[in-house]
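Working notes, structure below.
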Amino acid sequence: MPAADLVANVVVSGILTGLVYGLMALGLSVIFGVVRVVNFAHGEMMTVAMYAATALFAALKLDPFLAMLPIAAAFFIFGYVLQAGLINPFITRPEHSQFLLLVAVAIILSNALLMIFGPDAQSVQLDYQLESIEVGPLLVDKARLYAAIAAVAAAGTLYSFFKYSLVGKAIRACADNYLGARVVGLDVRHLYALTFGLGAVCVAIAGCALVLLVDVTPPLGPAYTLLAFVIVIVGGLGSMGGALLGGVLIGVSEALAGLFIVPSAKSMFSFGLLILVLLLRPQGLLGSRT
Amino acid sequence: MSRASISLAVLAAILIALPLFAGNYALSVATLILYFAYTGQAWNVMMGFAGQLSLGHALYVGVGAYAAGALFFHYGIGPWAGLWLAIALCVALGLAIGFLAFRFGISGVYFALLTIAFAEFTRIAFDHFGWTGGPGGMFLRVAQRDTWDIANFRGPPLMYYYAMLALTALALLACRLLLRSKAGYYWQAIRENEEAARSLGIAAFRWKMLAVAISAAMTAVSGVFFAFYYNNLFPEQIFNISRSIEIILGPVIGGVGTLFGPLLGAAVLTLVSNGITDALGALGLEIPGIKQVFYGFVLLAVVMFMPHGIWPPLARKLRL
């Protein structure tokens, strides 16, 4: 039995990493909640963001927290164009057709990364990655704490945007009632593209934050896609708070599974949790029944 | 004879005679095409006929392969007995997943994600299951390759080719019969509009379960073939989500719900993939990943410009 302060440290680190996972999943959740398309290229977009951060660091010694701004801007444009150009014509097509479209995008993205960066793992090295802050018996990694703060700040900004801004309200109107939104004269296709752009921004920020905590290789994409699925289903597809809660739950359960059982079995718990939630509460922990 | 049956007879004759003028390499490519055609057809029963989107069919390939493979590895029991264990396990798994999903009203994207979750769960479970070798894999004894040992399904590439050809032909025949049976019409009604089908008195739950069971049983056979053809099994490979994606690419590109879509799609994709490899090799472009990027663009183009797959417009053009 591990000591109590070790367990507490692992739980805190799981919560912090989980918030970054949660922001990534929030992107998926927002896109599905509005556009009703499951982004099967989500994890590949995540690895692209992580590579972009390592490349900017290697070339300009740019801290990933600063690199977030240009990468987020580029991802917004990428997401907007992807939705406006490729996905909008598919919103009325059957699910397997949408699935194949995004799988094709995922194959192109992950292999383009392989072509450009090669198969070796990439990372960033900064001094504060090795530093930690003492809070009572806890030792909190600085990088992990900053990453979690960035994730929460980004999620909070997105939440206020949807809650208070006119465009955000218009997007929610599209999500609630597609036909009604068109009747009152909203440009639904433009709003869908904006939504996908915002989902991509979540991925960009989460990717820049995560690259401080883990190395990145091209084949990581599907694992992040699956992770994002698990989180949003557990939290509730389309629920913003649910994505963060799901991220924290998965982050903590993976960290604890790694401590108490074998680390390689940790994602079995995530998938087990996913199966349980799908069966017992398919709308997710914080989702509402439609 | 109609145009369709003449074309089918010609195709069958070409496929049966293929080994006369194809070398071992071409034969292995043809075997791979037939493998994907057959497995794609199995997936098609569930998705194309009954409208239930599975993105975790690697689960049945893997469980089927490990069931027959482990019997052979540990007890020397040949694949003809192992086949029944594989089918029984896969049908039981499929029915369990189907029961849970359909009883709890899970459909569409959620059902698809549930199938992925079960496949991934099983992959990690096999990674920690020592009896089948865990992540280190399980290796079946490779015997002499020049004699036909049908009892143990060991032999030259020719034997595997004909086995796969027979399976594909049987699956095609079975699917044609199924589509024209009561079950087939019920499935299509459920696929198009489940509520309407139920209001007409179709017991959707039972017929969906039948589709899952048939699809799982057919896919289990793919798994047994896989085990004895490749002779090595790794959880990371056989249960990987990319295997599930490979299985559905053929039928989606060829035409979901059509009889010939899976075969056509598997042939087109395998030939395109090999063509890209050859073309890039000739141009001296051997950068890792470049092949898959081209492949991705081909997929993108087909799914954008041929929403129903290649087969329906092709069949119209050929007046079949």
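A few comments on the model shown:
- Just one of the listed residues (A:Leu226, A:Leu186, A:Leu166, A:Leu191) is more than 14 Å from every other protein chain (Cβ to nearest Cβ) and either out of contact with any helix residue (DSSP H, G or I) (no Cβ under 6 Å at 6 or more places or on another chain) or under 19 Å from A:Pro70 (Cα atoms) (or both), namely A:Leu166.
- Screening B:Ile247 against (1) crowded, with 21+ Cβ neighbours inside 10 Å; (2) out of contact with any helix residue (DSSP H, G or I) (no Cβ under 8 Å at 6 or more places or on another chain) leaves a single unmet condition, (2).
- No other residue among A:Val124, A:Val167, A:Val105, A:Val140 is without any contact (Cβ under 8 Å) to a residue 60 or more places away in the chain and among the aliphatic types (A, V, I, L, M) apart from A:Val167.
- Note on the stretch B:85-104: residues that are within 14 Å of chain A (Cβ to nearest Cβ) and hydrophobic (A, V, I, L, M, F, W, C) total 8.
- Scanning the stretch A:240-290 for residues that are of a type in the set (S, T, N, Q) and outside any helix (DSSP H, G or I) yields A:Gln283, A:Ser288, A:Thr290.
- Flag if A:Leu100 is buried (at least 16 other Cβ atoms within 10 Å of the Cβ), farther than 30 Å from B:Ala301 by Cβ and either of a type in the set (A, V, I, L, M, F, W, C) or at pLDDT 95 or above (or both): no
- Checked against (1) modelled with pLDDT under 95; (2) among the small types (Gly, Ala, Ser); (3) over 30 Å from B:Gly250 (Cβ atoms); (4) in contact with a Phe, Trp or Tyr (Cβ under 9 Å, 6 or more places away or on another chain), A:Ala151 passes all but a single condition, namely (1).
- Checking each residue in the stretch B:113-148 for being facing another protein chain (nearest Cβ under 7 Å) and either more than 17 Å from A:Ile233 (Cβ to Cβ) or of a type in the set (Lys, Arg) (or both) picks out B:Ile124, B:Ala125, B:Asp127, B:His128.
- Some residue of the stretch B:105-112 being more than 18 Å from the chain's Cα centre (by Cα), facing chain A (nearest Cβ under 10 Å), closer than 20 Å to B:Phe239 by Cβ and assigned to a helix (DSSP H, G or I): yes
- Whichever residue in the stretch A:99-135 is touching a Lys or Arg at 6+ places or on another chain (Cβ under 9 Å) and within 14 Å of another protein chain (Cβ to nearest Cβ) and, among such residues, is nearest to B:Glu246 (Cα to Cα): A:Leu101
- Yes/no for B:Arg180 being basic (Lys, Arg), surrounded by fewer than 18 Cβ atoms within 10 Å (Cβ to Cβ) and without any contact (Cβ under 8 Å) to a residue 24 or more places away in the chain: yes
- When the test is whether a residue is crowded, with 24+ Cβ neighbours inside 10 Å and touching a Cys at 6+ places or on another chain (Cβ under 6 Å), B:Gly64 passes it.
- Yes/no for A:Leu237 being outside any helix (DSSP H, G or I) and crowded, with 20+ Cβ neighbours inside 10 Å: yes
- Condition check for A:Ala8: farther than 18 Å from A:Cys202 by Cα, among the small types (Gly, Ala, Ser) and free of Cβ contacts under 8 Å to residues at least 12 places away in the same chain: no
Okay, residues lined up against (1) within 17 Å of the chain's Cα centre (by Cα); (2) modelled with pLDDT under 95; (3) not aliphatic (A, V, I, L, M):
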{"site": "A:Ser29", "(1), (2), (3)": "yes, yes, yes"}
{"site": "A:Val37", "(1), (2), (3)": "yes, yes, no"}
{"site": "A:Phe40", "(1), (2), (3)": "yes, yes, yes"}
{"site": "A:Gly79", "(1), (2), (3)": "yes, no, yes"}
{"site": "A:Ile91", "(1), (2), (3)": "no, yes, no"}
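- Segments classed as helices (runs of 4 or more DSSP H), wholly inside the stretch A:140-222, with at least 1 members that are within 17 Å of A:Phe76 (Cα to Cα): A:142-164, A:166-176, A:188-210
- Scan of the stretch A:53-76 for residues that are under 19 Å from A:Phe196 (Cα atoms) and either touching a helix residue (DSSP H, G or I) at 6+ places or on another chain (Cβ under 7 Å) or surrounded by 18 or more Cβ atoms within 10 Å (Cβ to Cβ) (or both), ordered by number: A:Met68, A:Ile71, A:Ala72, A:Phe75, A:Phe76
- Among the residues listed as B:Ile150, B:Ile190, B:Ile124, B:Ile202, the single one being surrounded by 21 or more Cβ atoms within 10 Å (Cβ to Cβ), over 20 Å from the mean Cα position of the chain (by Cα) and more than 25 Å from B:Asn240 (Cα to Cα): B:Ile190
- B:Ala88 falls short of the stated requirement of being buried (at least 20 other Cβ atoms within 10 Å of the Cβ) and either under 24 Å from the mean Cα position of the chain (by Cα) or part of a loop (DSSP other than H, G, I, E, B) (or both).
- Residue selected from the stretch B:274-316 under the condition away from every other protein chain (no Cβ under 12 Å) and outside any helix (DSSP H, G or I), by the criterion nearest to A:Val103 (Cα to Cα): B:Ile310
- Test set (1) within 14 Å of another protein chain (Cβ to nearest Cβ); (2) surrounded by 18 or more Cβ atoms within 10 Å (Cβ to Cβ); (3) over 25 Å from B:Leu269 (Cα atoms); (4) modelled with pLDDT under 95 - A:Ala25 fails condition number: (4)
- Residue match in the stretch B:75-84 (condition: touching a strand residue (DSSP E or B) at 6+ places or on another chain (Cβ under 8 Å), hydroxyl-bearing (Ser, Thr, Tyr) and away from chain A (no Cβ under 14 Å)): no
The values are calculated or read from the model by the stated rules, or taken from the named source; none is laboratory data. Bear in mind that the values here come from a model prediction, so they are computed numbers and not experimental data. Note: ideal-geometry Cβ built from the backbone for every residue, glycine included; neighbour counts use all protein chains shown.
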